[in-house]
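Data block below; observations after.
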4 protein chains.
Amino acid sequence: MVRRQRLRAAGFEIEQISSGADVDPEQLKGSIEGFLGFARVPLGVAGPVNIRGAAAQGSFFIPFATSEGTLVASFQHAFNAMNRGGGAVALCADGRVSRAPCFEFASLTEAHAFAGWLLQRLALHQETAAATSRYCRLIDQRVSVVANTAYVLFEFSTGDAAGQNMVTLATQAICERLLRDMPQTPLSWLMESMVSGDKRATPMAFRTTRGRNASAEVILQPKQLSRYWRSSAENMERAWRQAVNGAAQTGTVGLQGNVANALAAIFIACGQDAACVTEAATALTRIECTRKGELYASVTLPNLIVGTVGGGTYLPTARECLSMLGCYGAGLARKFAEICAVVALAGELALVGAMASGEFAQAHAAGGRKGCGSPNGSAES
Amino acid sequence: MVRRQRLRAAGFEIEQISSGADVDPEQLKGSIEGFLGFARVPLGVAGPVNIRGAAAQGSFFIPFATSEGTLVASFQHAFNAMNRGGGAVALCADGRVSRAPCFEFASLTEAHAFAGWLLQRLALHQETAAATSRYCRLIDQRVSVVANTAYVLFEFSTGDAAGQNMVTLATQAICERLLRDMPQTPLSWLMESMVSGDKRATPMAFRTTRGRNASAEVILQPKQLSRYWRSSAENMERAWRQAVNGAAQTGTVGLQGNVANALAAIFIACGQDAACVTEAATALTRIECTRKGELYASVTLPNLIVGTVGGGTYLPTARECLSMLGCYGAGLARKFAEICAVVALAGELALVGAMASGEFAQAHAAGGRKGCGSPNGSAES
Amino acid sequence: MVRRQRLRAAGFEIEQISSGADVDPEQLKGSIEGFLGFARVPLGVAGPVNIRGAAAQGSFFIPFATSEGTLVASFQHAFNAMNRGGGAVALCADGRVSRAPCFEFASLTEAHAFAGWLLQRLALHQETAAATSRYCRLIDQRVSVVANTAYVLFEFSTGDAAGQNMVTLATQAICERLLRDMPQTPLSWLMESMVSGDKRATPMAFRTTRGRNASAEVILQPKQLSRYWRSSAENMERAWRQAVNGAAQTGTVGLQGNVANALAAIFIACGQDAACVTEAATALTRIECTRKGELYASVTLPNLIVGTVGGGTYLPTARECLSMLGCYGAGLARKFAEICAVVALAGELALVGAMASGEFAQAHAAGGRKGCGSPNGSAES
Amino acid sequence: MVRRQRLRAAGFEIEQISSGADVDPEQLKGSIEGFLGFARVPLGVAGPVNIRGAAAQGSFFIPFATSEGTLVASFQHAFNAMNRGGGAVALCADGRVSRAPCFEFASLTEAHAFAGWLLQRLALHQETAAATSRYCRLIDQRVSVVANTAYVLFEFSTGDAAGQNMVTLATQAICERLLRDMPQTPLSWLMESMVSGDKRATPMAFRTTRGRNASAEVILQPKQLSRYWRSSAENMERAWRQAVNGAAQTGTVGLQGNVANALAAIFIACGQDAACVTEAATALTRIECTRKGELYASVTLPNLIVGTVGGGTYLPTARECLSMLGCYGAGLARKFAEICAVVALAGELALVGAMASGEFAQAHAAGGRKGCGSPNGSAES
């Protein structure tokens, strides 16, 4: 295929993606039990997209693992528009992952005393955490007391790993030490009290980074909007505003359109934990007409659980996909987070462009598997 | 491998999963653009789990596509416990998928007049929707008026398809007819106003099914809890209650522990849209000690976007995984939904069991890739 | 005082408000226990404001019970601006109040069977409800099943009463009949399961009216914006958009600025249940620049728990305040709801006007009690 | 009346409450404009309730301003039960009030640079804030960057004032200085971006105190539960759990039953800002059966906007009510917050007791104005 040749010519390794060479199960130990083989998800590439990020700079081909027809095409369309606008700016600002144990005492007085005592021990906890990993560092700790129970939030940096296991082990070590040292034994305790937001969307994400906090923005000129979406900055702004007022009626967390589409496809391609899309898709999208009639579009992802080492990153096709982005290995997590933000932004532009141009259905279904060219024109997916 | 032999001996076809035979790109048309090959996600199997569902009845091997170490093992553990308790009961009660256009008028008076007019036209809209697909049926329509804008919610049944494209096309047809017929032209309109909850967690899910609404429950005896989680019904109830009080501090939608883990792994294995896990993981988990000291555990998933036809279900490994569950093809979506609910329940039991036994970290990390057996004992994932 | 004379001259009765004549405690029986006297809240009047509502038509003086300095003045300012724009349009669209019992069974199978059975009995329940009150009518019933428990939502119309007690008694009667008739005795049940949204903000409000659903809108010309807030439609739209993006980070319910200020002041003045402001303030405010550069401003209050009969409406000063609005007694609840919506709209305009003009602090504090004229300019409230 | 005599004999001043002596309008300047007189809300007293708080210690009569029949009686009932259990423990842990300006820049790069710059200036901002008031102190500042806009959260302590105006003026002073000093002029800015949570329920309350953070707890013996609510700890726990699962379906913020009832009645009585009940009612209620079969009940109010100086506290009847609690003036805000938490707890006990005993309707309506003793038994309020 021409596309494969093009990427190979560009120096990318795509052996595992394109041929499915065998893998030694032993190599996967630690990633899977009951191993049977591989689920294979169609992988398409769109790009290049030009990024002027703090860490991600240049032209990137983006791998998407998905079976949703038209998805890759709509990203390609948005990338083209964004490139005409000079590419996207991106910045990954912060990175931390939390765990949240809780401790129940006989009374609220004891719980408050414990909270005060614990908050004095930051340095000790940092030392304990640091001993569990070369990369895990305790950055901050907070406590909220709910009557007789203290809910603690430990926030860690995790190097270039997604870090969910890393922070679990560090928190376990801190808790063990706490339990030895604490003046008053708790009635009960949990290592994770569901306060961390792990695997679920919560508005906490906006004030307490979980994972990486990355933003991307782009400014598009009227003629690009007209060319790519037969629309204008004013109309796209209006469409988005109507949708925001729609979302506000639903109690959703954050304000975004279809960030999950972008993240699920990249996460699966790049060996990230796809279950974390539930929280990583907590985003704030902005689609605004500037005073000059340009379109200002941005996405902020404050809860982007991604890593470029550890987890599933080493898997055959994941490694190839990360390498395609220049994001395989240490020192590259911020770069990867910025790329994710740019891709999410492209997805939002594609959605709002379709909304504003009245082509929402086409964008979703034009390339639909059975919908396209089927004799009776019916859609069955 | 022994496991492959066992499943083959049981009559399951796992050629695509285990060997990665080549696929004709032409076959994938409609599912992917920019096709390059396949992302391969490790696939493990756990089971059998015994299910006494309304549609799903028998013993099932469950395929999980994941690279999270210990995930499959912890489901296997929970399945074993559940089987000892006689297996899980499950029921898929309802199925509908929504789209939500909006129409803006010059004044709130016009918007209300439109709302009244539209609500009279249900039969007409049903006819229009039915003409777009053999399977898509408009069940209900509702309107909320926000000053000059009417937000409409169309709810469709979609046969055994997940149905997101199907309802988009039906809604487009209805809207086109509306625009022709409506007495007052709107200032603007959107085919999807983000009121539907598509690709995001919203509490609407609990009162307006999106996808399938499936529940699973199991009753476990004290000796099983003691054996499998060194815990008791009372302690598991307490642990869950503390976690509920934790979650309540975060503004999360629904009450659940790690349903996303179960759903992401099954969705990827079975050719479902992994981006929909964001909404499908909106669940209500219950972990309760009965008056007899047994554990009553249940999960309700009111927003389970799944299908057994269309979408990615036909893909090589997805078809094998669905077939393994006896869920490939027409008439099987409720069965598949019930299985998903049972697996989600197992995941919740595993989580709460680990919480209550103080083995949360082990459950998460014991089998961690580098964590296990690495000389310095550090966790790096 | 001049103001009292003016209102008296206009035919309003303000004896109780202005003089505090004594009240026979016997008269208050049913409204208060442990009666000691009255809490007196300062009552200011702003207006007139011109309203072109479906039910409320004319010029209205609005009573505000508050001790927040500058509050009444900022409403007066907004009323003046709105009057210049021709007054506000308002419409109360719907009215219903819900109660939500739940019934727990031995299994999810039984719970689903119950749900199916119950949904067949609407006519019977309507008959039962109607027998409890001349005004209470059961409009609809819905069920959501959470594993072995069925959560029912009964929706009633309540005439011109706020209706919280009315629907409680009707629901009790329905439940008693259910318990006699139901084929399977529940393990336990509650008459109110917190699904109704009573006394708390929930996004359900937008899709299931609780109380009255009222909207108000106004269009203001650039010169009015310039005159009253030294701002423009474009700047006010931008300010609101930034605030919406702020609110989206907090997980709040609805999108509104300070609707609680308007509603608390009117509710206390008019004998409404001030605790219901928690839910009634769930609103959707829109501040938008039209294509012509005008400002379109609207507020939708889908959850406005108000009545013009029953509750505290008969109390001495409440009756006077309701009468001042022409809203005391039967047949006037929709009118009162429309007035509330217009006042809430004025409050939102005042807020956004202050935001956009950079005079937020002045609007809040200029008239602050000690802040004004205190030698050192410090604010101590 | 006997009750008045009893309170007078106990040394309480209730002249304004009981007689409505005239007030010089001049005295109210700063609290109200368009002054007409007073809205009079029936004031009932319940108590005494025994409190063993950190600041509030002793027996307290509690004033309630309400027109909801049975409300005061149900609190009296719960106080009696709580007193039998030795009274309630209470603790006010923290106190701070926030304001949240935002600053929009030309790009996300500038916004991040501004955020970094601002975070270095804490000491300077503290100095600026301190100069605006003897009582206002800036405790902390945080920034979240949403693409090109920095949302800042300033957290202040406000002495014994509720402090909403105080923090507004301090934030204005800080912003003015920021605007002079900042290296890059913002495109636009708002003094309040709706991130603070002012006048609305948000889950942020649980991790960022707004107002006072106060908890109360009580342990009740089985015989008390049997006597006061014909129920048991186990049944009350179950009832609450069902209600929690009900609330979880609605997307509500926090987990509580009817805290708004308690707070609205106290706030109006004591000259607090009743509009703040919308946020102050964000609570976490716990109703749990201990291992010994006792009932552990608690309420945590992390967002209790109250003050004992400033605002409406000086008003004639408010001062009397605050004095009745020993809470009028400086140094008493924590005490008042603890009392509020205990009263909220009583309200939650009364609700759950009614739920569990099947007397929900009676608790709500038995004393209903027309409901009680009316010949046809109908409820009309």
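Among residues that are within 25 Å of B:Ala100 (Cβ to Cβ), open to solvent by less than 10 Å² (accessible area, probe 1.4 Å), under 16 Å from the mean Cα position of the chain (by Cα) and at pLDDT 95 or above, B:Ala205 is not included.
C:Asn213 satisfies every condition listed in (1) open to solvent by 10 Å² or more (accessible area, probe 1.4 Å); (2) within 14 Å of chain A (Cβ to nearest Cβ); (3) within 26 Å of D:Glu348 (Cα to Cα) except (3). A count restricted to region A:23-33 and to residues that are in contact with a helix residue (DSSP H, G or I) (Cβ under 8 Å, 6 or more places away or on another chain) and surrounded by fewer than 20 Cβ atoms within 10 Å (Cβ to Cβ) stands at 1.
Is there a residue being open to solvent by 10 Å² or more (accessible area, probe 1.4 Å), at pLDDT 95 or above and more than 10 Å from chain A (Cβ to nearest Cβ) anywhere in region C:246-257? Taking every residue of region C:246-257 in turn, none turns out to be open to solvent by 10 Å² or more (accessible area, probe 1.4 Å), at pLDDT 95 or above and more than 10 Å from chain A (Cβ to nearest Cβ). Restricting attention to region A:85-133 and to residues that are over 28 Å from D:Cys92 (Cβ atoms) and charged (D, E, K, R), the residue that is least open to solvent (accessible area, probe 1.4 Å) turns out to be A:Arg99. Only one of the numbered conditions (1) touching a helix residue (DSSP H, G or I) at 6+ places or on another chain (Cβ under 6 Å); (2) polar (S, T, N, Q); (3) under 24 Å from A:Gly47 (Cα atoms) is violated by A:Ser226, and that is (1). Scan region A:37-53 and give yes if some residue there is under 19 Å from A:Val299 (Cβ atoms), open to solvent by 50 Å² or more (accessible area, probe 1.4 Å) and in contact with a His (Cβ under 9 Å, 6 or more places away or on another chain), otherwise no. No; the residues of region A:37-53 include none that is under 19 Å from A:Val299 (Cβ atoms), open to solvent by 50 Å² or more (accessible area, probe 1.4 Å) and in contact with a His (Cβ under 9 Å, 6 or more places away or on another chain).
Would you say D:Arg121 is out of contact with any strand residue (DSSP E or B) (no Cβ under 9 Å at 6 or more places or on another chain) and on the phi < 0 side of the Ramachandran plot? So D:Arg121 fails the test. Among the residues making up region A:92-135, none is in contact with a Cys (Cβ under 6 Å, 6 or more places away or on another chain) and of a type in the set (D, E, K, R).
Please note which helices (runs of 4 or more DSSP H) are completely contained in region B:218-331 and include at least 2 residues that are touching a Lys or Arg at 6+ places or on another chain (Cβ under 9 Å) and farther than 24 Å from B:Thr202 by Cβ. Break it down into steps so the answer makes sense when it comes.
Working: elements: B:222-229, B:233-247, B:259-269, B:277-280, B:316-324.
The helices (runs of 4 or more DSSP H) meeting that bar are B:222-229, B:233-247, B:316-324.
If the condition is being open to solvent by 20 Å² or more (accessible area, probe 1.4 Å) and polar (S, T, N, Q), then region D:134-159 contributes only D:Ser157.
Can you find a residue in region D:45-65 that is farther than 25 Å from D:Leu220 by Cβ and within 23 Å of the chain's Cα centre (by Cα)? Yes: region D:45-65 contains one or more residues that are farther than 25 Å from D:Leu220 by Cβ and within 23 Å of the chain's Cα centre (by Cα).
Among residues that are over 16 Å from C:Pro316 (Cβ atoms), of a type outside the set (Ser, Thr, Tyr) and open to solvent by 50 Å² or more (accessible area, probe 1.4 Å), C:Gln57 is included.
You will find that of C:Thr202, C:Thr208, the residue that is of a type in the set (Ser, Thr, Tyr) and touching a Leu at 6+ places or on another chain (Cβ under 8 Å) is C:Thr208 and no other. Screening the candidates A:Leu315, A:Leu295 for the property of being open to solvent by less than 10 Å² (accessible area, probe 1.4 Å), in contact (Cβ under 8 Å) with a residue 40 or more places away in the chain and within 14 Å of chain B (Cβ to nearest Cβ) yields one hit, A:Leu315.
Is one or more of the residues making up region C:350-357 out of contact with any helix residue (DSSP H, G or I) (no Cβ under 6 Å at 6 or more places or on another chain) and either in a loop (DSSP other than H, G, I, E, B) or open to solvent by less than 10 Å² (accessible area, probe 1.4 Å) (or both)?
Pass one, region C:350-357, residues out of contact with any helix residue (DSSP H, G or I) (no Cβ under 6 Å at 6 or more places or on another chain): C:351.
Subset that is either in a loop (DSSP other than H, G, I, E, B) or open to solvent by less than 10 Å² (accessible area, probe 1.4 Å) (or both): none.
No.
Scanning region A:270-287 for residues that are open to solvent by 10 Å² or more (accessible area, probe 1.4 Å) and in contact with a Phe, Trp or Tyr (Cβ under 6 Å, 6 or more places away or on another chain) yields one hit, A:Ala274. Of all the numbered requirements in (1) in contact with a helix residue (DSSP H, G or I) (Cβ under 9 Å, 6 or more places away or on another chain); (2) facing another protein chain (nearest Cβ under 8 Å), D:Thr208 misses one, and that requirement is (1).
Determine, yes or no, whether B:Ala147 is more than 22 Å from the chain's Cα centre (by Cα) and at positive phi. Give the derivation first.
Details: more than 22 Å from the chain's Cα centre (by Cα): yes; at positive phi: yes.
So B:Ala147 fits the description; yes.
Filtered by the rule that a residue be free of Cβ contacts under 8 Å to residues at least 12 places away in the same chain and closer than 25 Å to A:Ser323 by Cβ, region A:261-292 gives a lone residue, A:Ala274.
Evaluating D:Ala73 against the criteria (1) open to solvent by 10 Å² or more (accessible area, probe 1.4 Å); (2) in contact with a Lys or Arg (Cβ under 8 Å, 6 or more places away or on another chain) leaves one unmet condition, (2).
Taken over region C:216-233, the criterion of being more than 14 Å from chain A (Cβ to nearest Cβ) and of a type in the set (S, T, N, Q) is satisfied by C:Gln221, C:Gln224, C:Ser226, C:Ser231. All conditions in (1) within 14 Å of chain A (Cβ to nearest Cβ); (2) outside any loop (DSSP other than H, G, I, E, B); (3) crowded, with 24+ Cβ neighbours inside 10 Å hold for D:Ser196, with the sole exception of (2). Note on region A:166-190: residues that are at the interface with another protein chain (Cβ under 7 Å from one of its Cβ atoms), open to solvent by 10 Å² or more (accessible area, probe 1.4 Å) and either touching a residue at least 60 places away in the same chain (Cβ under 8 Å) or not in a helix (DSSP H, G or I) (or both) amount to 1. A:Ala162 falls short on exactly one of the conditions (1) modelled with pLDDT of 95 or more; (2) open to solvent by less than 20 Å² (accessible area, probe 1.4 Å); (3) away from chain C (no Cβ under 12 Å), and that condition is (2).
The values are calculated or read from the model by the stated rules, or taken from the named source; none is laboratory data. What you see is a predicted model; the values in this text were computed from it and never measured. All Cβ positions, even for glycine, are placed from backbone atoms using ideal geometry, and neighbour counts span all protein chains on display. All accessible areas refer to the heavy atoms of the entire protein, side chains included, with ligands and DNA or RNA removed. Shrake-Rupley method; radii C 1.70, N 1.55, O 1.52, S 1.80 Å.
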